[in-house]
Amino acid sequence: MRITTISYLKKLLIILILTVTLKADIRPSMLSFNGEFSPLLHMRSDFSKYDSGCALLQNFLPLTQGPVFRRPGMRFIAETQTMIERSRLASFVFNKTDTYILEFGDLYMRVYRDGGQVILETGTETIPSDLTSFSISQWKLNDATNTTAVIDSVGSPTHQGTATTNTVTLSVTGQLSNAFDLQGIYAVDIADHDDFTFDDSADEGFSIVAWIYVEPSNHSQVIISKYDADVPDREWFFYLDSNEQLVVILADDNGNINSYQLAVYFKVLSEGWYNVAFTYDGRGGSAAADGIKMYVNSESVILSRGYGDLTYSQMRNTSANVVIGAELFNGVKGEYWENKLDNIAIFNTELTSSQINSFIPASSTFQLTTTYTENEVGDLQFVQVSDIMYIVHENHEPRKLSRAGHTDWTIIDINYEDGPFLDENASPTYTIAPSGLTGGITLTASTNTFIANDVGALMQVRHPRDDAILAGRFSTASQSISIPCEGDFRFTTHGTWVGKLDLQRTRNDGLIWETVPGGHFTSSADSNVSYSGNEPDPGYEYRVIMASRTSGAVDYDFIVFEGLHTGVARISAYTSATVVSATVTTTMGSTTATTYWSEGHWSPKNGFPATVEFHQFRLFYGGSRNYPQTIWATKVEDYELMKTGTDADDALVYLFRARTRFNGCYRIPT
């Protein structure tokens with residue numbers, strides 16, 4: 001009995017030990033997770049959140065709500081241009097349907113969207129030799145004359161078109177050569193002919209191929225049609241609906257408006273160039289839509305089809321004209337194409353997919369040339385508004401990347417022409433003299449001032465100016481000459497007159513004149529004008545115009561008071577430490593030497609901003625190589641104006657005071 005008891009106690013002890021051991025390794029489920037700890041907390045088991053953290057979290061993503069989840073898998077899209085060189089990715093979001101990834105590498109930029117690289121399709125205007133016998137017409141839309149003639153380059157007999165305006169008005173650069181920009185108001189008419197009617201009761205198929213530039217609109221846009229909806233004279237109709245979806249309609253003009261066949265490609269086409277085509281096998285009957293195929297950039301696409309009320313039998317020969325870029329409504333055009341069309345061709349057979357492919361014989365990865373090297377792309381900074389991205393690097397002028405379509409991107413220097421500038425020269429003996437007032441000039445300094453790296457920099461040169469007076473008399477509706485105006489001015493009139501006067505200004509050589517704020521005046525016999533103001537910006541010319549006159553004559557005086565005339569030039573070439581060539585951007589006031597001059601803040605010598613950010617409707621730049629603690633902000637709601645001044649919305653320059661030099665890497669808006 002004693003032996004049995006001892007044996008029982010041993011068994012009980014073993015069970016207790018096992019239970020304690022197992023319990024020590026059993027942990028409850030982690031309902032909350034704090035992510036990966038710093039190495040400084042690895043031994044801090046007394047920390048309240050120690051049990052819900054880990055030393056290493058790999059291939060998992062933590063959520064703010066507590067748990068973690070497994071990282072999604074990745075998919076190979078493409079290699080960078082050169083795998084052994086560094087590159088940089090940046091996002092570009094125009095809207096919820098047009099989002100891109102930009103690849104910046106050594107002197108290039110590539111574009112990705114919808115899970116793939118953006119490809120530049122290279123088309124041809126030449127119809128392949130095996131298709132020429134099927135060609136009915138081809139309108140290349142290359143015409144650019146002072147006539148309305150639109151040439152059919154292959155048809156026999158030719159089916160010449162007639163534009164609704166001279167073709168020189170429509171001609172623009174297209175996808176292949178020139179194209180027509182129909183602008184939502186123009187079209188091309190081609191007279192009705194039996195060649196454009198296809199008898200699908202006898203299995204007579206046809207195909208249409210075109211290059212189109214899609215510009216989103218709130219209405220349907222017609223590519224080409226032989227279809228008058230109101231007469232009715234309805235045969236066929238190829239268009240983009242208000243949702244930017246391609247549609248083909250075949251109509252049986254038997255007096256029943258619902259006797260049609262329909263094919264729709266439901267994918268929304270975003271802005272840009274596309275090669276589109278549809279083919280029809282000519283089967284006819286109530287399911288004729290099953291014989292329609294559609295291609296976008298030579299790829300066959302999935303269609304949804306509609307069969308009307310199932311009374312469709314065949315297309316019938318009507319008297320409707322063919323119209324490029326519009327539809328007819330009882331002979332009146334509507335649903336115009338909003339942008340560009342290029343190279344439209346009609347064939348009297350159902351083209352095969354390989355024949356459609358022959359219109360795009362080659363393609364290549366879309367690529368934009370930049371000036372950023374492999375060693376610079378990692379330091380690029382970006383901000384974006386709408387379809388414009390501003391890019392900065394301390395070695396380059398701030399740049400603007402613009403998107404007009406998937407394969408239509410441009411990148412240019414912004415080239416601010418009104419600043420920012422360093423403090424004005426304070427020495428009474430250091431002068432600069434411009435050789436001319438406009439165009440290409442030389443700037444000559446009285447002492448060593450320039451170095452080779454000044455090329456590209458702005459120079460602001462100011463000259464003292466006496467009062468300038470513009471005086472005269474109007475006895476008819478007329479206008480005065482113009483004079484430069486900067487600073488304080490006064491405008492007065494004298495006499496007995498009835499009419500309207502405007503004080504106007506221009507800053508682009510008189511191409512566009514605008515009335516000065518507060519500068520519109522009306523007189524009724526005995527009233528005259530006494531108006532004072534200030535023009536804070538250099539480069540303006542002012543004039544007086546009598547917009548209308550009823551009676552009398554008016555004498556006027558416009559006085560610009562003495563002050564300083566501001567001229568600006570950009571250095572274009574270095575000759576010596578005292579002489580450089582420059583291009584005037586704001587007219588100089590004199591060719592005499594002046595001590596009133598200042599150098600541009602940004603140049604290859606001083607460096608360019610390394611940071612950029614939007615804040616309170618301004619574009620802020622910061623931290624150049626020689627001025628790492630300076631920030632520059634544009635005028636409010638004008639991101640390309642750097643003219644400083646005293647108004648609250650003028651551009652500004654601010655220097656951060658600090659004990660040590662720093663270079664702010666990022667500006668975060670608050």
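The values are calculated or read from the model by the stated rules, or taken from the named source; none is laboratory data. Given the structure is predicted, the values throughout are model-derived calculations rather than measurements. Cβ atoms come from the backbone with ideal geometry, glycine included; neighbour counts cover every protein chain shown.
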Review point. Scanning for something within 26 Å of THR371 (Cα to Cα), of a type in the set (Val, Ile, Thr) and at pLDDT below 85, does region 60-83 turn up at least one residue?
Key: yes
Check your understanding: Filtering region 461-494 down to residues that are part of a loop (DSSP other than H, G, I, E, B) and over 11 Å from ILE545 (Cα atoms), which residue is modelled with the highest pLDDT?
Key -> SER475
Check your understanding: Quick check, is ALA191 over 22 Å from GLU350 (Cα atoms), of a type in the set (A, V, I, L, M, F, W, C) and either over 31 Å from the mean Cα position of the chain (by Cα) or at pLDDT 95 or above (or both)?
Key -> yes
Exercise for review: Among the candidates THR145, THR80, THR124, THR97, single out the residue that is surrounded by fewer than 15 Cβ atoms within 10 Å (Cβ to Cβ), part of a loop (DSSP other than H, G, I, E, B), more than 19 Å from the chain's Cα centre (by Cα) and outside the structural domain of VAL168 (by TED's automatic domain parsing).
Suggested key: THR124
Study note, to complete from the structure: Of the residues in region 317-341, those that are over 34 Å from the mean Cα position of the chain (by Cα) and part of a loop (DSSP other than H, G, I, E, B) come to ASN317, THR318, SER319, ALA320, ASN321, ASN330, GLY331
**Study point:** Flag if ASN254 is surrounded by fewer than 18 Cβ atoms within 10 Å (Cβ to Cβ), more than 16 Å from PRO216 (Cα to Cα) and out of contact with any Pro (no Cβ under 8 Å at 6 or more places or on another chain)
**Key:** yes
Practice item. Please work out if THR97 is closer than 30 Å to TYR372 by Cβ and at pLDDT below 80. Key: yes
Exercise for review: Kindly indicate whether ARG110 is among the charged types (D, E, K, R) and part of a loop (DSSP other than H, G, I, E, B).
Suggested key: no
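Condition check ((1) in contact with a His (Cβ under 8 Å, 6 or more places away or on another chain); (2) more than 30 Å from THR592 (Cα to Cα); (3) surrounded by fewer than 16 Cβ atoms within 10 Å (Cβ to Cβ)) across all residues:
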| position | (1), (2), (3) |
| --- | --- |
| ARG473 | no, yes, yes |
| GLU486 | yes, no, no |
| VAL498 | no, yes, no |
| ARG505 | no, no, no |
| ASP509 | no, no, yes |
| GLU562 | no, no, yes |
Point to revise | Matching residues, region 419-460, being small (Gly, Ala, Ser) and either in a loop (DSSP other than H, G, I, E, B) or under 36 Å from the mean Cα position of the chain (by Cα) (or both) | key: GLY419, ALA426, SER427, SER435, GLY436, GLY439, GLY440, SER446, ALA452, GLY456, ALA457
Review point. Surrounded by 19 or more Cβ atoms within 10 Å (Cβ to Cβ), in contact (Cβ under 8 Å) with a residue 40 or more places away in the chain and not in a helix (DSSP H, G or I): does that describe ALA179?
Key: yes
Review point. Quick one: which strands (runs of 3 or more DSSP E) sit completely within region 597-640 and have at least 3 residues that are at pLDDT 95 or above and small (Gly, Ala, Ser)?
Key: none
